[in-house]
1. Would you mind checking which residues have amide H under 5 Å from Tyr66's amide H? H placed 1.01 Å from N; only 5 or more apart, or other chain.
2. Under a plain spin-label model, where a point goes 7 Å from the Cα along Cα-to-Cβ, how far apart in nm are Lys74 and Ile28?
3. Quick one: grab Rg to one decimal and Dmax as a whole number for the stretch 27-80, Cα atoms only, in Å.
4. Can you work out the Karplus-derived ³J(HN,Hα) for every residue in the stretch 63-72? Use 6.51 cos²θ - 1.76 cosθ + 1.60 with θ = phi - 60°, whole Hz, and x for glycine or proline.
Amino acid sequence: MLVIARVANQKFHPKGLGGSGFELFVQIDNVDKKWEEVKDKVLVVDEIETKSWGDREFTIADPDGYLISFYTPKHKSKND
């Protein structure tokens, strides 16, 4: 899990919805499977995509507007 802080009163994400303080990144084994499970049940901020660095990721907002990104890295270590 990765938490990124931001400066108060500034949008961290261009589609930020009001939550302030941080964006939460959660690494999971199969982001495509999680996407299919949740996409019709949550407020989607960014649909699933492969980022330029190779990770697969999507972002949702919780009821308070905090952003939560789920991702699967392009390369996982043997210890993951």
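1. Answer set, sorted by chain and number: Gly19.
2. So the label points at Lys74 and Ile28 sit 2.2 nm apart.
3. When restricted to the Cα atoms of the stretch 27-80, Rg and Dmax are 11.6, 36 Å.
4. Residue by residue, the stretch 63-72 yields x, 8, x, 6, 8, 10, 9, 9, 8, 10 Hz.
No lab work stands behind these numbers, since they all come straight from the coordinates. No experiment lies behind these values; they were computed from the predicted model shown. Note that we place each Cβ from the backbone using ideal geometry, even for glycine, and neighbour counts take in every protein chain shown.
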